[in-house]
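As structure tokens, the structure follows; a few thoughts come after it.
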Amino acid sequence: MSAGAAAGDELAAALSADLATRLRASPGSQRIDDGWVVRCEQLAPVHHLNAIVLGTTAPLDPGSYDADAIEGLARRWQSDRAERCVVIDDEPAAERLVGDLATRGWERVRTLFMALRVDPAAIGSDARGRMLTEDQLRRLQAECFAEQGFGPHAASRLPALLADAQARMRATTPSLRFGAAPPGGEPASMCTLFLDDDVGGRRVATVEAVATLREHRERGLARAAVCAAIRAAGEWRADLIVVPADADDWPQLLYASLGFAPIGRRCQFVRFAARRGSTATAV
């Protein structure tokens, strides 16, 4: 098998694991042609659990998915949402749509999926990295979300809702919680390791929700937390260890330094309420 084909298989497994995690946490989801409508009524403003996801397991027909088709799906399935979100896992299809959707007010966010290319047992240990309790992670996650700032149209309750969404995913998909603390201090960096033991017959471990409190950044805490998660994934006997990263931001450089390599991208398109002339404040 060529390197390109192998990476394609890994990307398909990573995307499928991600979708499965969303669906377990979103009981209102519904299967549609070429994808899913992911819905979690209790957390409607959270895009990750309220999105149309297309092209995860097979390429989309270019003749069937233009900007009109995407907007038609959003109107049909998300008319009751303050904002609309469509995830396209078929990267070539997403790239074809970027220009037309941008002219209609949709914003694109790209996620780079990376796979570990080294033996997880060889990942160095840092005494600052440790497992966290659910309460510790929940508190830290809420603090990190509160620090981020989500723009003038974001609801004030958004950080709490995002923390609720992460907790819901941890409760519905097997997972482990990791963090790192400065000597003698409280945990200031964190990540979650999601474990799916059957993604097309593969054991897939996904390192997600990596974050560090602002005043503790650039001290190696995120690296310590992620290294602890990687070693745990190896002990779990993962066939594939992946991490999703913002395709246009620096954390991917951290993951590359740990032995992760790019395997592909996903595109998320969001039509914010303000772009549709609404005063709604959900994100």
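The values are calculated or read from the model by the stated rules, or taken from the named source; none is laboratory data. What you are looking at is a predicted structure, and each value in this text was computed from that prediction instead of being measured. Quick reminder, even Gly has a Cβ in these numbers, built from the backbone with ideal geometry, and neighbours come from all protein chains shown.
Some observations on this one:
- Within the stretch 70-123, the set of residues being closer than 30 Å to A232 by Cβ, touching a strand residue (DSSP E or B) at 6+ places or on another chain (Cβ under 6 Å) and of a type in the set (V, I, T) comprises V87, V109, T111.
- Among the candidates A127, A146, A142, A102, the residue that is outside the structural domain of R214 (by TED's automatic domain parsing) and either under 20 Å from V207 (Cα atoms) or outside any strand (DSSP E or B) (or both) is uniquely A102.
- Any hit, the stretch 80-99, residues being within 19 Å of the chain's Cα centre (by Cα) and small (G, A, S): yes
Yes or no, residue by residue, for (1) within 29 Å of P262 (Cβ to Cβ); (2) touching a residue at least 40 places away in the same chain (Cβ under 8 Å):
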| position | (1), (2) |
| --- | --- |
| S16 | yes, yes |
| A25 | yes, yes |
| D33 | no, no |
| R39 | no, no |
| I52 | yes, no |
| T56 | yes, yes |
| D61 | yes, no |
| D66 | yes, no |
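- When residues of the stretch 188-202 are limited to those that are part of a strand (DSSP E or B) and free of Cβ contacts under 8 Å to residues at least 24 places away in the same chain, the one farthest from L176 (Cα to Cα): D198
- So L140, is it in contact (Cβ under 8 Å) with a residue 24 or more places away in the chain and either in contact with a helix residue (DSSP H, G or I) (Cβ under 9 Å, 6 or more places away or on another chain) or within 27 Å of D9 (Cα to Cα) (or both): no
- Test: residue in the stretch 83-90 that is surrounded by 16 or more Cβ atoms within 10 Å (Cβ to Cβ), in contact with a Phe, Trp or Tyr (Cβ under 7 Å, 6 or more places away or on another chain), modelled with pLDDT of 95 or more and assigned to a helix (DSSP H, G or I): no
- Whichever residue in the stretch 49-76 is at pLDDT 95 or above and among the hydroxyl-bearing types (S, T, Y) and, among such residues, is farthest from D100 (Cα to Cα): T56
- In this structure, A238 does not satisfy being crowded, with 20+ Cβ neighbours inside 10 Å, modelled with pLDDT under 95, of a type in the set (G, A, S) and part of a loop (DSSP other than H, G, I, E, B).
- Within the stretch 157-180, residues that are at negative phi sit with their Cβ atoms under 7 Å from residues that are in a helix (DSSP H, G or I) and basic (K, R), at 6+ positions apart or across chains, in these pairs: A163/R138; A167/R138; T172/R24; T173/R24.
- Scanning the stretch 168-187 for residues that are charged (D, E, K, R) and assigned to a strand (DSSP E or B) returns a single hit, R177.
- Residue satisfying condition, being farther than 17 Å from L176 by Cβ, small (G, A, S), outside any loop (DSSP other than H, G, I, E, B) and in contact (Cβ under 8 Å) with a residue 24 or more places away in the chain, within set A245, A205: A245
- The set of residues in the stretch 26-60 that are buried (at least 23 other Cβ atoms within 10 Å of the Cβ), touching a Ser or Thr at 6+ places or on another chain (Cβ under 8 Å) and not in a loop (DSSP other than H, G, I, E, B) comprises G35, V38, L49.
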